[in-house]
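Data first, discussion second: the structure below is written as structure tokens.
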Amino acid sequence: MQMESDEHAFAATERQLQDDAYNCLATQDDLMWHIEVGLVYEEFWISVFDRSGCVHSSRGNIHNTPLAFLRIIIGLAFLERPRIGYDRTPDNTPEACARRG
């Protein structure tokens, strides 16, 4: 999550979210898409990035829709890895590598 306190920092925050997402996609082969939450002053939005580009949700106001913001944060914290962009196919854990020999 990227947070800024300047009310006019939307463009800078979106650039930072993009840089973070593409860094994650470049360094994690099992990541199919990356979800970021932007928060500037009292407005928030979700950005979903994949290797082809990104899409941004409409902005919500944290004071007008606090339940939506809470659901986003809790959802991202507790969802299973495949639901937040990780591919189930490659299993590169040390245990899986040991089983394969």
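Bear in mind that the values in this text are calculations on the coordinates, not laboratory data. All of these numbers come straight from a predicted model, not from anything done at the bench. Neighbour counts run over all protein chains shown; Cβ positions are idealised from the backbone, glycine included.
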Worksheet item: Would you pick out the residues in the range 11-52 that are in contact with a helix residue (DSSP H, G or I) (Cβ under 7 Å, 6 or more places away or on another chain), free of Cβ contacts under 8 Å to residues at least 40 places away in the same chain and not aliphatic (A, V, I, L, M)?
Response: 36, 38, 44, 47, 49, 51
Fill in: Filtered residues of the range 18-40 (kept if more than 20 Å from residue 74 (Cα to Cα) and more than 13 Å from the chain's Cα centre (by Cα))
26, 27, 28, 29, 30
